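Novice: I have a structure I would like to understand better, so I am pasting it below and will then ask my questions one at a time.
The values are calculated or read from the model by the stated rules, or taken from the named source; none is laboratory data. All values reported here derive from a predicted model rather than from experimental measurement. Cβ atoms come from the backbone with ideal geometry, glycine included; neighbour counts cover every protein chain shown. Surface areas here come from the heavy atoms of the whole protein model, side chains and all, with no ligands, DNA or RNA. Shrake-Rupley method; radii C 1.70, N 1.55, O 1.52, S 1.80 Å.
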Number of protein chains: 2
Amino acid sequence: MRPTEIPEIRALALFRDMSDDQFEALMRAAYVQTLPPGIELFHEGDRPDFLHVVVEGSVELFAEWSGHETTMQIVQPVATIILAATLRDAPFLMSARTLERSHIVLVPSDDVRQVFASDGAFARAVVGELAGCYRSMVKAQKDLKLRSSTERLANWILRQDGIADRAGPITIDLEKRKLASLLGMTPENLSRALNRLADHGVVVEGKELQASDLPALRRFARPTPLIDQHDI
Amino acid sequence: MRPTEIPEIRALALFRDMSDDQFEALMRAAYVQTLPPGIELFHEGDRPDFLHVVVEGSVELFAEWSGHETTMQIVQPVATIILAATLRDAPFLMSARTLERSHIVLVPSDDVRQVFASDGAFARAVVGELAGCYRSMVKAQKDLKLRSSTERLANWILRQDGIADRAGPITIDLEKRKLASLLGMTPENLSRALNRLADHGVVVEGKELQASDLPALRRFARPTPLIDQHDI
DNA sequence: CCGGTCAATTGATATTTATCAAGAGGCTAG
DNA sequence: CTAGCCTCTTGATAAATATCAATTGACCGG
């Protein structure tokens, strides 16, 4: 494991408050994998042998049923992947694959569970993390059940960093079909939804996107902190 | 607080392994409310002053946006309600109301957070509970994104206790319009979906429902443990 | 530089789901 | 017992979304 990655991981809220001893115990058997895009880290139904931490790149969590597939979440650095399954020693409910060249730290699940059982600070940090994951899922479900596809897209745009700066366009840094799947629609529908948002000042050219009339977009999207604010 | 309710709460996985002292500290300031149907316990956006435990009756968790409302979950005894908000001291993302005459135990949030910070066994139990809540939400989202409304209904039926006994019909013990909202459809659509399932042996009369051809219903519903099994 | 591959878009159409309207049946308060 | 209310159901229609097909355009390897 490269020494440069250790401080990054240590800085995560999950590991910040635990004792040095315990952290070292966790990292002793951990190792880094550098993976090209499109590699499947694990598949739903698998048992969690390792806790995965995305240090660089990005990872898609997706789920399948009856021949369909849907994107559930995109995990950006630095973050852990599905802690819940690891702690419960229960099968993954989602699969994971790299979207770009990525560095993934693998921490043996047994070690995580052992440190979890003996280090109170770590246990409390885990609760904070899990509560956040749960609340994100609640927000996602409200988004899906209460909004139309175009409304979901409009609010997604408003949630993007930098969209409020009138400096210039932002970049959609994932494939549009992944975005469509994440938002619960087809790629064709995403194209049409983007066209519909042109009436509210959204200008798209390839992967560049600009909201030229933010008040109009907000009037249409009607964002609420109880769905759209990620840090509460 | 009635002494008869204390053992029931103590038996919950969440409180089972904590010390007697800590449990008593939690229960000292707790009290029971007996409420008629239709009472709102709290509203999304409120701050969690109490951890709510449903001891008898049932409670609906719902969310609103832009004049619409959707049922997110029905909580049956004995279970806690949205532990995540209490622990994070963050605003509720969902509202709660009683569906029938219910007994609710209210435990002051400060006490919960204090015991959580000092009792490792409780902290670990909380993690188990939260991980379970998170996984339930993941399953619900997979259900929503991967299945049609009729498929969701068919799988909901298969998940009901007693549906596999050929003994007789089960009772749908909530209003059909709540069920429709829970499954992410309109009441009209639920009526039609039930009619469509008649082709697969589902017989409905009022609140009585029987699956007369279970293999046929399973062929249509294609249940999978990774969405439909609640205890993994 | 060219050809192939694949994501994105657009159009046409089908399916699913929601909405609106009306009527049937059951429950309850008076 | 009955009037009124409310849920559920059914039918007709509208809107949203998905599917299928074809084309465009960008990127990549040879």
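Novice: Work through the residues other than A:THR186 whose Cβ is under 15 Å from its Cβ and net out their charges, Lys, Arg +1 and Asp, Glu -1.
Specialist: Summing Lys and Arg as +1 and Asp and Glu as -1 gives +4.
Novice: Additional query: Once you have all Cα-Cα distances for the stretch A:5-144, histogram them in 5 Å bins from zero and send the whole-percent values.
Specialist: 2, 10, 19, 24, 22, 14, 6, 2, 1, 0
Novice: Show the residues, 5+ positions off or on another chain, whose built amide H is closer than 5 Å to the amide H of B:GLU56.
Specialist: The answer is B:HIS103.
Novice: How well do other chains shield peptide B:122-130, expressed as the mean number of their Cβ atoms within 10 Å of each residue Cβ? Each step should come with its number before you reach the end.
Specialist: Details: counts 1, 9, 8, 1, 6, 12, 4, 2, 12.
For peptide B:122-130, the averaged partner shielding equals 6.
Novice: Still on this structure, I have one more. How tilted is helix A:187-197 with respect to the longest principal axis of chain A? Cα atoms for both, answer in degrees (0 to 90, nearest 10).
Specialist: Helix A:187-197 sits at roughly 50 degrees to that axis.
Novice: Would you mind calculating the gained length between B:ARG218 and B:ASP199 on full extension (0.36 nm times residue separation, minus the Cα-Cα distance), in nm to one decimal?
Specialist: So the extension gain works out to 5.6 nm.
Novice: So between A:HIS43 and A:SER19, what do we pick up on full extension, going 0.36 nm a residue minus the alpha carbon distance? List each step's numbers first, then the result.
Specialist: Details: separation 24, 0.36 × 24 = 8.64 nm, distance 3.27 nm.
Value of the extension gain: 5.4 nm.
Novice: Please give the charge dipole size of the stretch B:147-228, origin at the Cα centre, charges +1 on K and R Cβ atoms and -1 on D and E Cβ atoms. Round to the nearest 20 debye.
Specialist: Using only the charged Cβ atoms, the result is roughly 280 debye.
Novice: Using only Cα positions of the protein assembly as shown, each an equal point scatterer, no hydration layer, compute I(q)/I(0) via Debye at q = 0.10 Å⁻¹ and quote the log10 values to two decimals.
Specialist: -0.83
Novice: Let me ask something else about it. Rounded to whole Hz and in sequence order, give me ³J(HN,Hα) for the stretch A:97-108 from the Karplus expression 6.51 cos²θ - 1.76 cosθ + 1.60, θ = phi - 60°, writing x for Gly and Pro.
Specialist: Karplus-based 3J(HN,Hα) across the stretch A:97-108 equals 9, 6, 9, 9, 4, 9, 9, 10, 8, 10, 10, x Hz.
Novice: Let me ask something additional. Pick out, from A:PHE220, A:THR70, A:ALA11, the residue whose Cα sits farthest towards the positive end of the charge dipole of chain A, with +1 on the Cβ of Lys and Arg and -1 on the Cβ of Asp and Glu.
Specialist: In chain A, that residue is A:PHE220.
Novice: Sticking with this structure for a sec: Amide H of B:VAL78: which non-local residues (sequence gap of 5 or more, or other chain) have their own amide H closer than 5 Å, using H built in the peptide plane?
Specialist: none
Novice: Can you show me the helix-derived [θ] at 222 nm for chain B, built from DSSP H runs with n ≥ 4 at -39,500 (n - 2.57) apiece and divided by the number of residues, rounded to the nearest 500. Before the final figure, lay out the partial values.
Specialist: On the way: 11 runs with 103 residues, N = 232.
Taken over chain B, the calculation gives -12500 deg cm²/dmol.
Novice: Give me the dipole magnitude in Debye, nearest 20, for chain A about the Cα centre, with unit charges on the beta carbon: positive for Lys and Arg, negative for Asp and Glu.
Specialist: Computed charge dipole of chain A: roughly 940 debye.
Novice: Given an 8 Å cut-off on Cα distances and at least 6 residues of separation, report the relative contact order of chain B as a percent. Don't skip to the end; give the middle numbers.
Specialist: On the way: 364 pairs, mean separation 45.1, N = 232.
Taking the mean separation of contacting Cα pairs over the length of chain B, I get 19 percent.
Novice: From the phi angles alone, apply the Karplus equation (6.51, -1.76, 1.60; θ = phi - 60°) to the stretch A:54-59 and give each ³J(HN,Hα) in whole Hz, x where the residue is Gly or Pro.
Specialist: Along the stretch A:54-59, the couplings run 7, 9, 8, x, 7, 10 Hz.
Novice: Of A:GLY162, B:ALA154, A:ILE81, which is farthest towards the positive pole of the protein assembly as shown's charge dipole, taken about the Cα centre with +1 and -1 on the beta-carbons of Lys, Arg and Asp, Glu respectively?
Specialist: Positive-end residue among those listed: B:ALA154.
Novice: While we're here: As I understand it, the dipole of the stretch A:5-144 uses +1 on the Cβ of Lys and Arg and -1 on the Cβ of Asp and Glu, about the Cα centre. Which of A:VAL107, A:ALA25, A:ALA125 lies farthest toward its positive end?
Specialist: Farthest along the dipole direction, towards plus: A:ALA125.
Novice: What is the Cα centroid distance between the stretch B:81-98 and the stretch A:1-36, reported in whole angstrom?
Specialist: 32
Novice: Give me the Å³ per residue figure for the convex hull around the C-alpha atoms of the stretch A:135-225.
Specialist: Taking the convex hull of the Cα positions in the stretch A:135-225, it is 95 Å³ per residue.
Novice: Using a cut-off of 20 Å between alpha-carbon atoms, which lysines can reach A:LYS145, once sequence neighbours fewer than 8 places away in the same chain are excluded?
Specialist: A:LYS178, B:LYS139, B:LYS142, B:LYS145, B:LYS176, B:LYS178
Novice: What net charge is computed for the residues neighbouring B:ILE227, neighbours being all others with C-beta under 15 Å from the C-beta of B:ILE227, Lys and Arg scored +1, Asp and Glu -1?
Specialist: +2
Novice: To continue, here is another question. Quick one: putting +1 on the C-beta of Lys and Arg, -1 on the C-beta of Asp and Glu, what dipole do you get for the stretch B:103-198 around its Cα centre, in Debye to the nearest 20?
Specialist: 600
Novice: Continuing with the same structure: Relative to the longest principal axis of chain A, what angle (0 to 90°, nearest 10) does the C-alpha long axis of helix A:149-159 take?
Specialist: Helix A:149-159 and the main axis of chain A meet at about 60 degrees.
Novice: Give me, ordered by chain and number, the residues 5 or more places off B:TYR31 or on other chains with an amide H under 5 Å from its own placed amide H.
Specialist: Hits under the 5 Å cutoff: B:LEU106.
Novice: How large is the accessible surface of A:LEU35 in square angstrom, using a 1.4 angstrom probe and rounding to the nearest 10?
Specialist: Probe radius 1.4 Å; accessible area of A:LEU35 about 20 Å².
Novice: If you don't mind, there's one more thing I want to ask. Tell me, what ³J(HN,Hα) does each residue in the stretch B:115-130 have, in order and in whole Hz, if you take phi through Karplus 6.51 cos²θ - 1.76 cosθ + 1.60 with θ = phi - 60° and put x for Gly and Pro?
Specialist: Couplings: 5, 4, 6, 10, 10, x, 5, 5, 4, 5, 5, 4, 4, x, 4, 5 Hz.
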